[in-house]
Amino acid sequence: MRRRPRRPDRARPDLDAPRGPALPAPPHRRRTRRGRGRLRPDRPRRRPVADGRSNGLPAVSSSPNFNPRSLGVIRQASRQDIARITRGHAEAARLAVDAGCDAVEIHLGHNYFASSFLSPKLNKRKDEYGGSLAHRARVARDAARAVREAVGDRIAILAKLNLDHGVPGGLRLDESLQVAQWLQADGSVDALELTAGSSSAPSSANPT
């Protein structure tokens, strides 16, 4: 039996009317081992601070330390590295002022760069940046001073400071209080955000 042609008065407008531009397909999701969907397109995964793949610079620390994330050894920062990073703090603060920010915060905790110098567990240097607490605090104090010199009183300057690293041989409460007093005496910060612990497991406690 032949199929009869559709009558014009029964035409379906949703099929016969001109169509607009096609909508983009929803992003493809893939299943993870935990059974959760994760977006695949070009959204980079969150990475640790100072990831060399994002800023093109090698990771540095107070002393050579094994990094469980990269399964490699982080090299010891040279004096040139320390000077460059100190200048970077000042330049970042200037950019914050230009952007209209009300405050900046200097990260002196969680085993990141300055905190790795404060930690006697991580800092094994024999120069002016290692040994005594006064030497180990030099990087933190110089960074805070550089920020203050860069922005003056135009914005508030905060610093996040560890009270205790939470690992054997790490920064202790009495040392943290002394560092806080030095920062206050330097006039480099307006307030402190107190924290504790590190960004790594207690068995490794490596900066990133």
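Return the equivalent ellipsoid semi-axes of segment 100-187 as a descending list in whole Å, where each equals the square root of 5 times an eigenvalue of the C-alpha gyration tensor.
Details: eigenvalues 112, 35, 24 Å².
Ellipsoid half-lengths, sorted descending, are 24, 13, 11 Å.
Length gain on complete extension for the stretch Q184 to R172, per 0.36 nm per residue less the alpha carbon to alpha carbon distance?
On the way: separation 12, 0.36 × 12 = 4.32 nm, distance 1.86 nm.
Full extension from Q184 to R172 adds 2.5 nm.
Using the Kirkwood formula on the Cα atoms of segment 90-134, what hydrodynamic radius do you get, in angstrom to one decimal? Intermediate values should be presented prior to the final figure.
Numbers: mean 1/r = 0.0806 Å⁻¹.
Result for segment 90-134 stands at 12.4 Å.
Starting from the Cα of E193, step 7 Å along the direction of its Cβ; do the same at D98; then give the gap between the two resulting points in nm.
2.4
Take D81 and K124, extend 7 Å from each Cα along the Cα→Cβ direction, and tell me the distance between the two endpoints in nm.
Output for this residue pair reads 1.4 nm.
Bear in mind that the values in this text are calculations on the coordinates, not laboratory data. Here the structure is a predicted model, which is why all the values come from computation and not from measurement. Here Cβ is always computed from backbone atoms with ideal geometry, including for glycine, and neighbour counts include all displayed protein chains.
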